[in-house]
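Quick note: the coordinates plus some simple rules give every number you see, no bench work behind them. What you see is a predicted model, and the numbers here were worked out from it, not measured in a lab. Cβ placement follows ideal geometry from the backbone for every residue including glycine, while neighbour counts extend to all protein chains displayed.
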Amino acid sequence: MRRTALRSEIRPLWGGDHSPQRRPKGQTRVIIADDHPVVREGLRRLLTAHGIAVVALAESGDQAIARARETQPDVALIDVRLPDMDGIEAAEAIREESPGTAILIISGYESSEDLARAIRIGAVGYLCKTTPPEALVEAVRLAKGGGSLIDPRLLASLLKQANGHRSEADAAGTGPLGLLSPRERDVLRLIVRGLSNKEIAREMNYSLGTVKNMVHRILEKLGAADRTQAAVYAVRAGLEPHRPAADRPLNGPRLLDWRA
């Protein structure tokens with residue numbers, strides 16, 4: 001799989017300072033694993049400036065696993081390429097050591113293959129290092145709250161390959177996608193577009209409770225653990241995003257937020 005390099009520079013000052021902070025009750029706790037000191041420090045300063053507690057830093061996969069075991073953080077921000085092991089392998093080990101930790105993978109490359117691998121091991125998000133700082137902070141907060149997030153550019157790359165990965169069952173309409181009712185398919189299309197439950201309810205003129213129940217049934221029928229897996233399965237199976245006439249464009253750097 002050919003990987004396209006992205007801009008790897010990080011803004012030198014993302015806010016924050018080096019002084020320790022007392023952690024308020026309920027504050028999000030994060031570990032950061034990246035082999036570049038400037039990146040680690042930039043991420044630490046960014047998150048700290050927004051009230052997020054960075055409880056440990058790691059420069060290798062082994063260190064990240066050990067720090068996760070010791071601190072049991074809410075979120076682990078893991079570089080996809082670490083010097084001693086693959087970042088996704090490290091993330092999988094972290095999930096075993098700290099099951100309650102949400103995994104966010106960050107990468108300097110656009111790779112739909114890595115994205116698919118990250119989703120398979122249970123990562124809740126995959127972001128490019130060029131993601132705007134405010135969007136990265138939002139991603140960490142949403143990850144703690146159960147959100148699933150993917151950089152739209154990477155999702156677009158996955159969509160381009162979707163037609164070439166359809167199974168015979170899906171092509172024939174006998175796969176899990178065929179178990180969905182027409183209404184459930186419409187909801188799944190809106191999930192693929194990144195709409196939240198509230199936005200889906202507004203788009204389809206349903207109550208929020210109805211949408212939540214439908215999303216739960218969709219995940220069960222597809223055998224998906226979360227909205228991210230359901231959305232990726234849908235695009236791989238060839239389900240086109242629903243685009244009603246009054247559709248509003250989803251432009252700008254907004255992350256796709258697949259919250260249950």
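Report, please, the projected area of region 44-108 averaged over directions, based on the convex hull of its C-alpha atoms, in nm². Display every interim value, and only then the final one.
On the way: hull surface 16.3 nm².
Mean projected area for region 44-108: 4.1 nm², to one decimal.
Quote the relative contact order of region 70-147 in percent (integer), defining contacts as alpha-carbon pairs under 8 Å separated by 6+ residues.
Numbers: 101 pairs, mean separation 24.1, N = 78.
Here the relative contact order equals 31 percent.
For the peptides 33-39, 129-135, 202-208, 44-50, what is the packing order when you average, over each peptide's residues, the other Cβ atoms within 10 Å and list the highest mean first?
Working: 33-39: 18.1, 129-135: 16.4, 202-208: 13.6, 44-50: 20.0.
Highest to lowest by the protection proxy: 44-50, 33-39, 129-135, 202-208.
Can you flag which of K144/K212; K129/K221; K144/K198 are past 27 Å Cα-Cα? Don't skip to the end; give the middle numbers.
Values: K144/K212 19 Å; K129/K221 34 Å; K144/K198 19 Å.
Violating the 27 Å Cα-Cα cut-off are K129/K221.
Rounded, prolate or oblate, given the Cα gyration tensor of region 30-143, with a/c below 1.5 counting as rounded? Intermediate values should be presented prior to the final figure.
On the way: a/c = 1.29, a/b = 1.09, b/c = 1.19.
Rounded, because the longest to shortest axis ratio a/c is under 1.5.
Per 0.36 nm of contour for each residue apart, how much would the distance between A225 and E89 grow if the chain were fully extended, relative to their Cα-Cα spacing? Please list the in-between numbers first.
On the way: separation 136, 0.36 × 136 = 48.96 nm, distance 1.92 nm.
In short, 47.0 nm is gained.
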